[in-house]
Amino acid sequence: MLWASPTPADQTRFSVKVGTHLTFALAASTSVDASVVHIAPAGSLPKGAALKVADGSTATATFTWIPTRAGDYTVRFTASLVGVNDVAPTVTYVIHVAPKVAKASYPRSYKLSDEKVAHWAAVLRATVVRAQPRASARKVTMLDTWTTDDTQNIVVILKAVAVSSRVTWYQVRLPILPNNSTGWVQSRYLGSLFAVHTHLYVDRARLRATLKRDGVTVFKTIIGVGKSIWPTPRGEFYIRDKMTEFGNPVYGPIAFGTSARSPVLTDWPGGGFVGVHGTNEPGILPGRVSHGCIRMPNASILKLARLMPVGTPLTVR
């Protein structure tokens, strides 16, 4: 006695999802005249499963099941001659039941930046920034692909809203006046997301800067900030670029560009962006000594440059 088509091969593996209908057929036959073949489970079937059997010289059976729980299940079947000690080899099947995937609901929002981890992306194509995550919302500004420092423009992404399976909007921090402005751009205009685990804090009252990584302090230094007539703006910003070969000793060996802008020196070249840089006058630090930029000793800016990547959020208090 032998298993016959369409019986699946022994050790066949089936994969279905919860709630999906599974069925397959079995058949077994004998060459013994006037004999009756019977197919039966070799052990118990999973809860809710059924085997419909038709005996005969060629027996047939149909296994049906709609699984309600995820997991791996094993089922075995035998075929034998009724009243005779003649049995076909047991066939064994493994059924992998995957969880049912819930249909995504839209809109769906999720956070991308907090005080420990932030995400940023490059602006790949110039785009309109909207006040809300929809194309009909009010225009806030334009985002260009290049900065006034002649570097690739980037933005820190605060959160995302997926409005469909194909369209996602990002809320981004903007390098515009008024400071602390945010807006929404479609993800297709930005590049890949990069994570940063650092956050730079500037305390204007204590004239100190602190860098934290994953919430833990890794760097501190004295600083200089803007004079009262040219104040360093307060708020939430980010490190926009890093410059190392500008050849001006006034700014020390390295300068970081930020998204913060002076609210009073708007006619300065490039729009009055606030920088974080060194100085050729270390004796004036700490103090309120600048036009709004954040100065620190050259040794400090060199150490900071080793610790702080572009895209790092900046909080000025």
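Readers should treat all values here as calculations from the given coordinates under stated rules, not as data from a laboratory. Treat the numbers as computed from the prediction; the structure is a model and nothing was measured. All Cβ positions, even for glycine, are placed from backbone atoms using ideal geometry, and neighbour counts span all protein chains on display.
So the values come out like this:
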quantity	calculated
Modelled FRET efficiency - R0 22 Å, Val32 with Asp55, Cβ distances, 0.05 increments	0.95
Listed pairs Lys159/Lys212; Lys17/Lys103; Lys116/Lys227 exceeding 23 Å between Cα atoms	Lys116/Lys227
Spacing of the two label points (7 Å from each Cα toward its C-beta) at Glu245 and Ala137, in nm	4.0 nm
For segment 108-196: rounded, prolate or oblate by the Cα gyration tensor [a/c cutoff 1.5]	rounded
Whole-Hz ³J(HN,Hα) from phi, Karplus 6.51 cos²θ - 1.76 cosθ + 1.60, for segment 58-69, glycine and proline x	10, 7, 10, 8, 10, 8, 9, 6, 10, x, 10, 9
Value of [θ]222 nm, deg cm²/dmol, for the chain, DSSP H segments ≥ 4, -39500 (n - 2.57) each, nearest 500	-1000 deg cm²/dmol
Gap separating the Cα centres of segment 27-79 and segment 111-165, nearest whole Å	59 Å
Neighbourhood charge, 12 Å Cβ-Cβ cut-off, centred on Gly224 and excluding it, Lys, Arg +1 and Asp, Glu -1	+4
Under 5 Å, built H, 5+ apart or other chain: amide partners of Ser181	Leu174, Ile176
Computed lengthening from Val117 to Asp72, 0.36 nm per intervening residue step minus Cα-Cα distance	12.4 nm
Segment 2-98, dipole about Cα centre (Lys/Arg Cβ +1, Asp/Glu Cβ -1), debye to the nearest 20	500 debye
Backbone HN-Hα couplings from phi across segment 204-219 [Karplus 6.51/-1.76/1.60, Hz, Gly and Pro as x]	6, 6, 8, 6, 9, 10, 9, 9, 10, 10, 6, x, 10, 5, 10, 7
Cα centre as origin, Lys/Arg/Asp/Glu Cβ charges: the chain dipole, Debye	1520 debye
P(r) histogram, all alpha-carbon pairs of the chain included - 20 Å bins from 0, percent	26, 30, 16, 19, 9, 1
Ordering of 287-296, 80-89, 145-154 by packing [mean C-beta count within 10 Å, highest first]	287-296, 145-154, 80-89
Gain on full stretching of the segment that runs from Leu307 to Thr127 - 0.36 nm per residue minus C-alpha separation	61.6 nm
Distance between modelled label sites at Val167 and Ile284, nm, 7 Å Cα→Cβ extension	5.1 nm
Neighbour cut-off at most 10 other Cβ (10 Å), DSSP loop, trypsin sites (Lys or Arg not before Pro), segment 61-126	Lys103
Dipole moment magnitude, nearest 20 debye, segment 54-140 about Cα centre, only Lys, Arg, Asp, Glu C-beta charged	1220 debye
Using a Förster distance of 51 Å, the FRET efficiency for Arg206-Lys17 (Cβ separation, nearest 0.05)	0.30
Length added when fully stretched, Ser192-Val218, from 0.36 nm per residue minus Cα-Cα	6.6 nm
Top positive-direction residue, dipole computed over the chain with Cβ charges, set Gly191, Gly287, Thr217	Gly287
